Amino acid sequence: MSKGMHLSFDFSLVLESNLKSGDGMSSAAMKAGIRRARTAAKVTEARHTAGQVGFPDLPFKLEEAKAIGRMAAALRKKYSHMLVLGIGGSALGTKAIIEGIGAGARKGMAVHVADNVDPDFFFPLLRSLPMEKTVVVAISKSGTTAETNSQLALAMDALKKVNPKGWRDQLVLITDPKTGVFRKLATDDGIAALSVPPNVGGRFSVLTPVGLLPLAAAGFSIDRLLDGAAWMEAMFRGVPGDDNPVIKAAAVYAHYMVENPKSVQLWFTYGQGLDRVAEWWQQLWGESLGKKRPGGVSVGQTPARAVGVTDQHSQVQLFQDGPADKVYTFVKWMEGREKGKVPKATFSPDMAMLGNRPLRDLFEAEFQGTIGALWDAGRPIVRLEVGERDERHLGAFLHFWMWVTAIVGDILGVDAFDQPGVEKGKKISRALMGEKGTEAVRTAFDRKSAKRMRDEIHLEERESGNDDSE
């Protein structure tokens, strides 16, 4: 079990006694929220016991992690680059940990995550890689993710050009353990494959091979990552509700979705790499909770993010004096890595305050100042601090948010583990690409588009010049 873990959860700035705006939680509301969160947690716990929800088991799959570590070590001996093909939950967790900790902090393969089919992004990335020294990892449970399949076809073609006979050795598929297109491809062609548990969805999958293989290949310790998540699981299971950060966080955030609805939760991140963690959280929060209840009532909260100190100069005016429609989550590393000081100088009066002091002093003051300004404006704020930029702390922090999200989903009366709204866009996209059996979808979409296009405005500058033909 982890030693030296330190995470701080400060909910004091959502309390009624600390907010003059009337947006704070009363003592009675906090107590009721904690009771409600405890009850909701039992729903997910029961689904976990029944085998329907698998993410709580992931920190304890140590033998599987060891096997993944051995595979990653073998790949590092043969290849210098890894190209990960996946989208959404198949990519964001890996990116969050690599950038959260910092790729420069570890020695391993250069891992490139291709989570977009924008040709102006993907083709230059593919051309930049030394394909003879690159292993390609494609991630899809079903093997029918159009974006990943198009990328895989291009990557396979590039591998075949440099290694016509052994290209299969440079490919790993991460997919369902028994069924699906990728599983069949792996079996038929003898391609290495790893399994994603059927009861773990993409946005909860970073502690499966989806995240563990690329992270181990990049040189990160997946043992410490799982250890941190196991520590948080133990905290969740063992700490009484009033002092349990998972239960208390679920109580607070559900309050601002049910009792005092705020349409937006905004993460303000202070620390290199935390913006990418926020990007992972955006999918988790938005896709898990933006749903319709069985009775048809829509619920959810828009997840947004801002970066400190950059966005203090672009968005805080809105946050402070604009509509009171947000709950704020400030996330910061407790300590940074760099210790440099600002030199003494006389070119500005400000330098009397700044000179010969650590640059981090200014960064910390900006963090405190922004919280103070929003607090003074009566905005509800949760303050979270993560002890170190390492695997244990990020493993614990991500696992914390998985549990908070699951419990809030139960409070809202929705299933945090499905995504019915995502499927419609996929169906239209497939129809537009000409998939068989989708003709009716294409026809209906074209009819609506034709009506919509009557209101479109197109501007085009035409080339002009002298006609010298005569």
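Scanning segment 368-388 for residues that are part of a loop (DSSP other than H, G, I, E, B) and surrounded by fewer than 19 Cβ atoms within 10 Å (Cβ to Cβ) turns up Ala377, Gly378, Gly387, Glu388.
Picking from residues in segment 236-256 that are free of Cβ contacts under 8 Å to residues at least 24 places away in the same chain and assigned to a helix (DSSP H, G or I), the one that is nearest to the chain's Cα centre (by Cα) is Arg237. Among the numbered conditions (1) surrounded by 17 or more Cβ atoms within 10 Å (Cβ to Cβ); (2) out of contact with any helix residue (DSSP H, G or I) (no Cβ under 8 Å at 6 or more places or on another chain); (3) hydrophobic (A, V, I, L, M, F, W, C), the only one that Trp281 does not meet is (2). Close contacts from segment 266-280, counting a first residue that is under 15 Å from Asp390 (Cβ atoms) and a second that is at pLDDT 95 or above and crowded, with 23+ Cβ neighbours inside 10 Å, with Cβ to Cβ under 6 Å and a gap of 6+ residues or different chains, come to Gly273/Gly100; Val277/Ala96; Val277/Gly100. Any residue at all in segment 354-373 that is within 23 Å of the chain's Cα centre (by Cα) and closer than 24 Å to Arg276 by Cβ? Checked segment 354-373: at least one residue is within 23 Å of the chain's Cα centre (by Cα) and closer than 24 Å to Arg276 by Cβ.
Quick check on segment 326-358: of everything there that is among the aliphatic types (A, V, I, L, M) and surrounded by 14 or more Cβ atoms within 10 Å (Cβ to Cβ), which residue is farthest from Trp285 (Cα to Cα)? The qualifying residue farthest from Trp285 (Cα to Cα) is Met351. Do we have Thr44 as of a type outside the set (Asp, Glu), closer than 24 Å to Gly228 by Cα and over 22 Å from the mean Cα position of the chain (by Cα) here? No, not satisfied. The set of residues in segment 26-52 being surrounded by 14 or more Cβ atoms within 10 Å (Cβ to Cβ) and of a type in the set (S, T, N, Q) consists of Thr44 alone.
A quick yes/no check of all residues on (1) surrounded by fewer than 14 Cβ atoms within 10 Å (Cβ to Cβ); (2) closer than 30 Å to Asp418 by Cβ; (3) touching a Phe, Trp or Tyr at 6+ places or on another chain (Cβ under 9 Å):
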{"position": "Pro56", "(1), (2), (3)": "no, yes, yes"}
{"position": "Leu62", "(1), (2), (3)": "yes, yes, no"}
{"position": "Ala73", "(1), (2), (3)": "yes, no, no"}
{"position": "Ser80", "(1), (2), (3)": "no, no, no"}
{"position": "Ser90", "(1), (2), (3)": "no, yes, no"}
{"position": "Val135", "(1), (2), (3)": "no, no, yes"}
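Any chance segment 150-172 includes a residue that's buried (at least 23 other Cβ atoms within 10 Å of the Cβ) and closer than 30 Å to His393 by Cβ? Yes - at least one qualifying residue is present in segment 150-172. Here Ile381 fulfils each of the conditions (1) under 26 Å from Glu259 (Cα atoms); (2) modelled with pLDDT under 95 apart from (2). For Leu398, the criteria (1) in a helix (DSSP H, G or I); (2) not assigned by TED's automatic domain parsing to the domain that holds Glu233 hold in every case but one, which is (2).
Among the conditions (1) under 14 Å from Pro380 (Cα atoms); (2) within 12 Å of the chain's Cα centre (by Cα), Glu259 misses just one, which is (2).
The values are calculated or read from the model by the stated rules, or taken from the named source; none is laboratory data. Every value quoted in this text rests on a predicted model; they were computed, and no experiment measured them. With ideal geometry, Cβ positions are generated from the backbone for all residues, glycine too; neighbour counts draw on all protein chains shown.
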